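Following: one structure in structure tokens, then a few remarks.
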Amino acid sequence: GGAAGANNGIVGGDTTFDSPSVCTAKGGSPGTGGAVVAGPAFSGVGGAGGLAASGVGDLTFAGGPGLTSAIYSAALAMSGAGGMAGGPGGGGGVGQWPQGAGKAGGNYGGGGSGGCVVSGGASVVGGAGAPGLIRVWEY
């Protein structure tokens, strides 16, 4: 899911069909890392689902946006969940509650969740995006 520390996760891998590719399904975006800050808490934003505009194929779906985080107090926060994949894909990584690294995208094309740091906690990495999905129908 990325290098340890206050770093973003990694982008989910593209899924391709044929060489050169005649279909490309984009992977999900990474969640943001959480850094120790002077304030009471920090929670990262979830990564977006796969981008249809960058995909190749007859029918492409865009993923949803990553969700924002929620900070309740110095010791209680939740990172943003990763964006849902569009179409037949899946969910994004669930928000981290309360301290820890982000979660990977839940299924094909889902974004990773953000990392969550509370008061006195160490820096954490964001969750990785999930890979894309291609369906091939033969007529």
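The values are calculated or read from the model by the stated rules, or taken from the named source; none is laboratory data. What you see is a predicted model, and the numbers here were worked out from it, not measured in a lab. No Cβ is skipped: glycine too gets one built from the backbone with ideal geometry, and neighbour counts run over all protein chains shown.
Some values worked out for this structure:
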{"read-out": "Within region 7-32, tally of residues that are farther than 21 Å from G112 by Cβ and in contact with a Phe, Trp or Tyr (Cβ under 9 Å, 6 or more places away or on another chain)", "value": "1"}
{"read-out": "Criterion (crowded, with 24+ Cβ neighbours inside 10 Å and either closer than 27 Å to F61 by Cα or at pLDDT below 85 (or both)) met by exactly one of F17, F42", "value": "F42"}
{"read-out": "Any hit, region 113-121, residues being β-branched (V, I, T) and at pLDDT 85 or above", "value": "no"}
{"read-out": "Residues satisfying the stated conditions in region 109-139, i.e. surrounded by fewer than 24 Cβ atoms within 10 Å (Cβ to Cβ), more than 27 Å from Y72 (Cβ to Cβ) and touching a strand residue (DSSP E or B) at 6+ places or on another chain (Cβ under 8 Å)", "value": "P131, L133, I134, V136"}
{"read-out": "Subset of region 53-70 (residues that are under 12 Å from G114 (Cβ atoms), touching a strand residue (DSSP E or B) at 6+ places or on another chain (Cβ under 6 Å) and either aromatic (F, W, Y) or surrounded by fewer than 19 Cβ atoms within 10 Å (Cβ to Cβ) (or both))", "value": "A70"}
{"read-out": "Selection from region 73-87 of residues that are of a type in the set (S, T, Y) and buried (at least 24 other Cβ atoms within 10 Å of the Cβ)", "value": "S79"}
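Each row is one residue, and each column tells you yes or no for (1) surrounded by 19 or more Cβ atoms within 10 Å (Cβ to Cβ); (2) assigned to a loop (DSSP other than H, G, I, E, B); (3) in contact with a helix residue (DSSP H, G or I) (Cβ under 8 Å, 6 or more places away or on another chain); (4) at pLDDT below 85.
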{"residue": "S29", "(1), (2), (3), (4)": "yes, yes, no, no"}
{"residue": "V37", "(1), (2), (3), (4)": "no, yes, no, yes"}
{"residue": "G89", "(1), (2), (3), (4)": "yes, yes, no, yes"}
{"residue": "G105", "(1), (2), (3), (4)": "yes, yes, no, no"}
